[in-house]
Amino acid sequence: MAQDLAAWFAARIPDGWFAAAPEVSSDGEEILVVGSLPDVEPAATESTRDEARRARISRFRQESRDRRMAIAAEAEGRFGRRVSWGAECGGISELFTTASVPVMTRLRMAERHVLDTLVAAGVARSRSDALAWCVRLVGKHQSDWIDTLREALTKVEEVRRRGPT
């Protein structure tokens with residue numbers, strides 16, 4: 001399915017938008033399309049280069065808005081999921097429109113205490129923000145393990161597809 005999505009978007013994204021094929025990822029609610037823009041010319045300082053990269057991303061966002069929204073509307077009708085966009089330039093990334101999807105969970109008292117401590121300490125504004133903070137932290141510090149887990153799941157999907165029907 002991911003390859004189908006990537007091919008679908010590659011066929012619709014205008015030539016010249018990105019330096020390479022965009023990265024297309026998805027889950028049950030959202031499709032995220034992130035393209036790499038050509039890097040800026042070398043500047044005097046790293047901060048000057050980073051500011052120029054942010055400006056290039058901003059310009060791309062503004063100039064491509066109408067076409068991106070038309071592609072997104074077509075994809076949303078076809079795939080039944082929201083389409084979000086982003087761009088990367090020289091290591092600077094920005095996501096333009098991403099979904100914030102509510103997720104229901106059941107937590108025991110000890111787990112709720114963790115969230116409440118984060119709220120009381122001002123790390124998060126709410127239990128919801130605290131839980132999102134925890135998920136981001138795990139994703140950041142356990143990214144290699146999570147990547148390995150995702151690869152294993154992909155292999156399981158391949159085996160299921162080739163199995164008996």
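Quick check on segment 103-115. Is at least one of its residues assigned by TED's automatic domain parsing to the domain that holds residue 40, buried (at least 16 other Cβ atoms within 10 Å of the Cβ), of a type in the set (A, V, I, L, M) and in a helix (DSSP H, G or I)?
So far as segment 103-115 goes, no, none of its residues is assigned by TED's automatic domain parsing to the domain that holds residue 40, buried (at least 16 other Cβ atoms within 10 Å of the Cβ), of a type in the set (A, V, I, L, M) and in a helix (DSSP H, G or I).
Does residue 36 meet the test of being surrounded by 13 or more Cβ atoms within 10 Å (Cβ to Cβ) and within 16 Å of the chain's Cα centre (by Cα)?
Yes; evaluated as a whole, the condition is true for this residue.
Note down all Cβ pairs under 6 Å where the first residue falls in segment 15-28 and is of a type in the set (D, E, K, R), the second is modelled with pLDDT of 95 or more, and they're at least six residues apart or on different chains.
23/34
Going through segment 117-144 one residue at a time, which ones are more than 30 Å from residue 68 (Cβ to Cβ), touching a helix residue (DSSP H, G or I) at 6+ places or on another chain (Cβ under 7 Å) and part of a helix (DSSP H, G or I)?
Passing the criteria: 118, 119, 127, 130, 131.
Within segment 84-91, is even one residue at pLDDT 95 or above, part of a helix (DSSP H, G or I), closer than 24 Å to residue 19 by Cα and in the same structural domain as residue 14 (by TED's automatic domain parsing)?
Checking segment 84-91: not a single residue is at pLDDT 95 or above, part of a helix (DSSP H, G or I), closer than 24 Å to residue 19 by Cα and in the same structural domain as residue 14 (by TED's automatic domain parsing).
Of these, 29, 41, 46, which one is of a type in the set (D, E, K, R), within 17 Å of the chain's Cα centre (by Cα) and in the same structural domain as residue 70 (by TED's automatic domain parsing)?
After applying the criteria, what remains is 29.
Which numbered condition in (1) surrounded by 12 or more Cβ atoms within 10 Å (Cβ to Cβ); (2) part of a loop (DSSP other than H, G, I, E, B) is the only one that residue 41 fails?
(1)
Are any residues in segment 145-165 of a type in the set (Ser, Thr, Tyr) and part of a helix (DSSP H, G or I), and if so, which ones? Full working, then the answer.
Here is the first cut: in segment 145-165, the residues of a type in the set (Ser, Thr, Tyr) are 148, 154, 165.
Of everything in segment 145-165, those that are of a type in the set (Ser, Thr, Tyr) and part of a helix (DSSP H, G or I) turn out to be 148, 154.
When you scan segment 74-83, do you find a residue that is surrounded by 13 or more Cβ atoms within 10 Å (Cβ to Cβ) and part of a loop (DSSP other than H, G, I, E, B), even just one?
Within segment 74-83, one or more residues are surrounded by 13 or more Cβ atoms within 10 Å (Cβ to Cβ) and part of a loop (DSSP other than H, G, I, E, B).
Cβ-Cβ under 8 Å, sequence separation 6+ or interchain: first residue in segment 132-146 and free of Cβ contacts under 8 Å to residues at least 12 places away in the same chain, partner of a type in the set (Gly, Ala, Ser). Which pairs?
132/124; 146/139
Kindly provide the set of residues from segment 101-116 that are charged (D, E, K, R) and in contact with a helix residue (DSSP H, G or I) (Cβ under 8 Å, 6 or more places away or on another chain), ordered by number.
Taking segment 101-116 as the starting set, the residues that turn out to be charged (D, E, K, R) are 106, 108, 111-112, 116.
Selection gives 112, 116.
The values are calculated or read from the model by the stated rules, or taken from the named source; none is laboratory data. Values in this document were obtained by computation on a predicted structure and should not be read as measured data. Methodologically, a virtual Cβ is constructed for each residue, glycine included, from the backbone with ideal geometry; neighbour enumeration extends over all protein chains shown.
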